[in-house]
Amino acid sequence: YNSVSAAAIAENTDYTTNSALDTTNSVDVTVSEHAIKFTLTDLMLGATVDEILSDQASEATRKNVAANAGIAGRAAAVALQARQDQDITALFSGFNSSTGSNSGAITGTLLIDAIAQLNIDSIPKDRRVAVLHPWQWKTLLPAYDDASVFGAAGAQVVATGAVGQIYGALVFETANVATATVSSSTTYAAGVFHPTAIAL
């Protein structure tokens, strides 16, 4: 939707101009559905020491099943998350790459430039995300793990290897970031964006 504008009018004057939402710049979105099927046989269930489906087991096993939704549930969750990551990151090669680089490692400056571009384009500041390949995150990590500069946040990066937000963007690190060809160079196509850019 295009943005609408407010106008200044005189006091005690009716305002009659209709500011209709303009949908002429709408785009079609491909919707996908993902599924997983497990075929669990009696032989398979009887041949494992793990409790795959039910909680009819020891107290320790019941707690484990409740915590992990069972082995089958955990495997399904991991697979579905990977599938979603792959679908999302496959869209990155079509993003505006004017603030990126295809000739060198990712830098804090490039990340700031990408976030600044969102500000320039008046993209909402809520729910912004930065999705990076582990190779890119490894390159950026030393810039944010200095406890003397970032205090507790820097210490957390050192302790856990992860940071929650950088300049208002929630950071996601996933090996599902694919490569893309940018100006004849093959590079990881990370992204800094608002979820509405991919209709998520």
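Worth pointing out:
- All positions within the range 148-170 that are modelled with pLDDT of 75 or more and not in a strand (DSSP E or B): Gly164, Tyr167, Gly168
- When restricted to residues that are part of a helix (DSSP H, G or I) and either closer than 22 Å to Thr186 by Cβ or within 16 Å of the chain's Cα centre (by Cα) (or both), the range 119-147 contains 7.
- Among the residues of the range 164-191, those identified as open to solvent by 30 Å² or more (accessible area, probe 1.4 Å) and of a type in the set (A, V, I, L, M, F, W, C) are Leu170, Phe172, Ala175, Ala178, Val182, Ala190.
- Count of residues meeting criterion [under 14 Å from Thr187 (Cβ atoms) and either modelled with pLDDT of 85 or more or surrounded by 15 or more Cβ atoms within 10 Å (Cβ to Cβ) (or both)] in the range 77-104: 8
The values are calculated or read from the model by the stated rules, or taken from the named source; none is laboratory data. It should be emphasised that the depicted structure is a prediction, and the values quoted were computed from it without experimental measurement. All Cβ positions, even for glycine, are placed from backbone atoms using ideal geometry, and neighbour counts span all protein chains on display. The protein model used for the area step is the full one, side chains on, heavy atoms only, and it has no ligands, DNA or RNA in it. Shrake-Rupley method; radii C 1.70, N 1.55, O 1.52, S 1.80 Å.
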